[in-house]
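**Q** Structure provided below as structure tokens; questions to follow.
The values are calculated or read from the model by the stated rules, or taken from the named source; none is laboratory data. Bear in mind the structure is a predicted one, so any value in this text is a computation, not a measurement. Virtual Cβ from ideal backbone geometry, glycine too; neighbours counted across all protein chains shown. When the accessible area is computed, the model is the full protein with side chains, heavy atoms only, and any ligands, DNA or RNA have been set aside. Shrake-Rupley method; radii C 1.70, N 1.55, O 1.52, S 1.80 Å.
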Amino acid sequence: MTPPTTPSTQMVPDYVYTTYICATPEDVWDALTDPELTGQFWGHSQVSDWSSGSRVDHVRTDGSGVADASGVVIEADRPRRLVFGFDDPDRFDDPTYEPSVVTFAIESHLDIVQLTVTQTSIASIDDLRACSQGWPAVLSNLKTLLETGETLTTPGSIMYLEEPEEAARS
């Protein structure tokens, strides 16, 4: 697959991030696929039945029901590999649109799990920058939840929260 280009024909590389978690592969899988758990560490619930070809929606936990991303489950191999489209929900039904794809590779290493997220077909350099800020926050919060039972004080999807100075003015 050829990486997408921006209007300036600049190639956008894939994003890859690896972390290590003191958990079982099954616990990591459950955290990535259970809407309640994803809501705790991501600030969004991942809603799907996780069957290949099924829709997956990345729904805000603020009660609005807004899906900030949607896609199709491409592969679900519990507890090793999860692959799905992750892009603009308004373009979900457009057959000409190539969505970004997220792959979670879950590998057991003795008493820990190596979790690697790869996001491909990223539309722009700005989207790549957002991935570079978002995925580390999300996966750090996932790691903290699985290892301590608690989440960090800042949700994993901090981009949808008001800045502190904006909240103070509200």
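**Q** Sort out which residues of segment 132-170 are polar (S, T, N, Q), at pLDDT below 95 and surrounded by fewer than 13 Cβ atoms within 10 Å (Cβ to Cβ), and write them in order of number.
**A** Of everything in segment 132-170, those that are polar (S, T, N, Q), at pLDDT below 95 and surrounded by fewer than 13 Cβ atoms within 10 Å (Cβ to Cβ) turn out to be Ser132, Gln133, Thr153, Thr154, Ser170.
**Q** How many residues does segment 65-84 contain that are within 20 Å of Gly39 (Cβ to Cβ) and in contact with a Gly (Cβ under 9 Å, 6 or more places away or on another chain)?
**A** 5
So that you can scan it fast, the table gives a plain yes or no per residue for (1) open to solvent by less than 60 Å² (accessible area, probe 1.4 Å); (2) assigned to a strand (DSSP E or B):
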site: Gly63; (1), (2): no, no
site: Gly71; (1), (2): yes, yes
site: Leu82; (1), (2): yes, yes
site: Ala105; (1), (2): yes, yes
site: Ala123; (1), (2): yes, no
site: Ala130; (1), (2): yes, no
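**Q** Right, another one. Between a residue in segment 85-107 that is under 30 Å from Glu26 (Cβ atoms) and at pLDDT 90 or above and any residue that is open to solvent by less than 40 Å² (accessible area, probe 1.4 Å) and in a helix (DSSP H, G or I), which pairs come within a Cβ distance under 6 Å, given they are 6 or more apart or on different chains?
**A** Phe104/Leu32; Ile106/Pro25; Ile106/Val28
**Q** Can you tell me which residues in segment 94-103 are assigned to a strand (DSSP E or B) and open to solvent by less than 20 Å² (accessible area, probe 1.4 Å)?
**A** The one that is assigned to a strand (DSSP E or B) and open to solvent by less than 20 Å² (accessible area, probe 1.4 Å): Val102.
**Q** Next question, about the same structure. In segment 12-26, is there at least one residue being in contact (Cβ under 8 Å) with a residue 60 or more places away in the chain and in a helix (DSSP H, G or I)?
**A** Let us first name the residues in segment 12-26 that are in contact (Cβ under 8 Å) with a residue 60 or more places away in the chain, namely 12-25.
Keeping just the survivors that are in a helix (DSSP H, G or I) gives 25.
Yes, there is a match, as at least one residue in segment 12-26 is in contact (Cβ under 8 Å) with a residue 60 or more places away in the chain and in a helix (DSSP H, G or I).
**Q** OK, next. Could you give every pair whose Cβ atoms fall below 7 Å, whose first residue belongs to segment 122-133 and is under 11 Å from Val16 (Cβ atoms), and whose second residue is open to solvent by less than 40 Å² (accessible area, probe 1.4 Å) and of a type outside the set (A, V, I, L, M, F, W, C), counting only separations of at least 6 or pairs across chains?
**A** Partner pairs satisfying both residue conditions: Cys131/Tyr15; Cys131/Gln119; Ser132/Tyr15.
**Q** Could you tell me whether any residue of segment 38-46 is over 15 Å from the mean Cα position of the chain (by Cα) and open to solvent by 70 Å² or more (accessible area, probe 1.4 Å)? If you could, list the steps in order and put the result at the bottom.
**A** Just the residues of segment 38-46 that are over 15 Å from the mean Cα position of the chain (by Cα), to begin with: none.
No, that holds for no residue.
**Q** Could you tell me how many of the residues in segment 108-121 are open to solvent by 40 Å² or more (accessible area, probe 1.4 Å) and either over 24 Å from Thr24 (Cβ atoms) or not β-branched (Val, Ile, Thr) (or both)? Walk me through how you get there before you give the answer.
**A** Of the residues in segment 108-121, the ones open to solvent by 40 Å² or more (accessible area, probe 1.4 Å) are 108-112.
From what is left, the residues that are either over 24 Å from Thr24 (Cβ atoms) or not β-branched (Val, Ile, Thr) (or both) are 108-111.
Of the residues in that region, 4 qualify.
**Q** Within segment 5-23, identify whether any single residue is surrounded by fewer than 18 Cβ atoms within 10 Å (Cβ to Cβ), aliphatic (A, V, I, L, M) and closer than 28 Å to Leu110 by Cα, and answer yes or no.
**A** Yes.
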